[in-house]
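This report concerns only the one structure given below.
Coordinate-derived values only; no laboratory data. All values reported here derive from a predicted model rather than from experimental measurement. Cβ coordinates were reconstructed from backbone atoms using ideal geometry, including for glycine residues, and neighbour counts include every protein chain displayed.
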Number of protein chains: 2
Amino acid sequence: MQEISQLHAIFERTSGYINRFMGLIQPVIDAAEDEHTRLYYHHILEEEEQRLDRLKELLPYLQSLSSGKKADGLSDRELSRLLSDVNLERFGLHNFREHLELALYEFQDEETRLDLDRMRATTHEDYLTVKETVAKLSERLSDVSHPSLVDHDEGHDVHQVDHFKVSATAPKGVAAVINRHTDAAPAAQPAPSKKGLTVGSLKGQSM
Amino acid sequence: MQEISQLHAIFERTSGYINRFMGLIQPVIDAAEDEHTRLYYHHILEEEEQRLDRLKELLPYLQSLSSGKKADGLSDRELSRLLSDVNLERFGLHNFREHLELALYEFQDEETRLDLDRMRATTHEDYLTVKETVAKLSERLSDVSHPSLVDHDEGHDVHQVDHFKVSATAPKGVAAVINRHTDAAPAAQPAPSKKGLTVGSLKGQSM
């Protein structure tokens, strides 16, 4: 089954992306100067570590199906289980896209930002491909346990926003917002912010 | 099996918590004045919606096992599948605890904060119970597909922090930090922050 090789390639790619993402975020955690920032990025990394662990189990299984040409002979029960696992990773790709978008608000250097945005674009494509594949494989199932393809995205225009563009001029992330103030504010003294925020001026940039 | 009824009770409780949590966070999304804040809370809610959908499938299954006394007769394959599903929800509880902790940094009113903190405490207890149950049920499995009980928490002291305490004096969340500045800063003008941050003074509060 060609779909199985395609899924394998996608989950292999995203595993590599997780490692790259972790390499970018871990230094932010290590440098965090307050518990909120540390918790925020720790939380995101932990979710990606959980995903990586699941992929480490799924990848060899897909590989064995693919190389042994066993995919066509899957029972309904096996196919249902596979679909459920793949569907979970569809959500994983969706959530990873959002982690990448959130990270865009943290980093100021263009190289990192472009890297994050490239991973975001590919992750979105991969997400759409996996969604299609799940729908396609579901049709082969004769029982009723089809995975739900609901996205929870209905009515949310947040996914139509170009976060790369918006984040370029937005205040930089949890860590950056807080750190900027920490730099300027010794202890509990009120201090001027170093840079005015341009939230109001971003309003027109949604697309 | 007593464990099944206990799991059912826990997942029923956490489903109720998700709804309460969504009721608290949705207004923050609706009132968000910038795309970063909107994306941040949208992302958290979306993950909880995904969890709620999974629980809506798992709960009736647990119920049927519990009421039909079918749990003792599960085959290895069925038990393995059940354990895998429950283990995923163990991570779900862990991540929800962190969502609740992150939300503590958003809200200033004591009633909401106490509600979040109570949910956090119970969620943590539920998480530990589910972890124990998964370990216990795993022992009954004769095959090798035991779920991984790894937590990714090793070496992270972030879970030892009393976020209720720290957040009481910390800058208030993504939305609050940004909104506070938006209030004070028309367009792109530099403006003084309304309140000095106390990040430095929080350092001693980790426990």
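Of note:
- Ranking B:Gln2, B:Ala121, B:Leu102 by how far each Cα lies toward the positive end of the dipole of the stretch B:2-154 (charges on Cβ) leaves B:Gln2 at the top.
- Neighbourhood net charge (12 Å Cβ-Cβ; Lys/Arg +1, Asp/Glu -1) for B:Ala121: -3
- Relative frequency of Cα-Cα separations exceeding 22 Å in the stretch B:2-154, percent: 45
- With contacts taken as Cα pairs under 8 Å at a separation of at least 6 residues, the stretch B:2-154 carries a relative contact order of 27 percent.
- Span from the the stretch B:73-116 Cα centroid across to the the stretch A:44-93 one, whole angstrom: 22
- Long pairs among A:Lys69/B:Lys136; A:Lys56/B:Lys136; B:Lys70/B:Lys131; B:Lys56/B:Lys136, criterion Cα-Cα beyond 29 Å: A:Lys69/B:Lys136
- Once the Cα-Cα distance is subtracted from the 0.36 nm per residue extended length, the A:Asp109 to A:Glu139 segment shows a gain of 6.2 nm.
- Other residues with beta-carbon under 9 Å from the beta-carbon of A:Leu100 carry, at +1 per Lys or Arg and -1 per Asp or Glu, a net charge of -1.
- FRET efficiency, 1/(1 + (r/R0)^6) with R0 25 Å, evaluated for B:Tyr61 and A:Leu149 via beta carbons: 0.80
- Once the Cβ-Cβ distance of A:Thr169 and A:Glu49 is raised to the sixth power relative to R0 = 30 Å, the FRET efficiency obtained is 0.40.
- Cα-derived Rg to Rh of the stretch B:81-132, Kirkwood definition: 1.10
- Between B:Arg77 and A:Leu128, the FRET efficiency from the beta-carbon distance, with R0 = 35 Å, is close to 0.60.
- Within-9-Å neighbourhood charge of A:Thr14 [Cβ basis; K, R +1; D, E -1]: -1
- Loop trypsin sites (Lys or Arg not before Pro), the stretch B:2-111 (other Cβ atoms within 10 Å of the site Cβ: 11 or fewer; DSSP): B:Lys69
- Here the stretch B:2-154 is treated with +1 on each Lys and Arg Cβ and -1 on each Asp and Glu Cβ, and its dipole about the Cα centre works out to around 840 debye.
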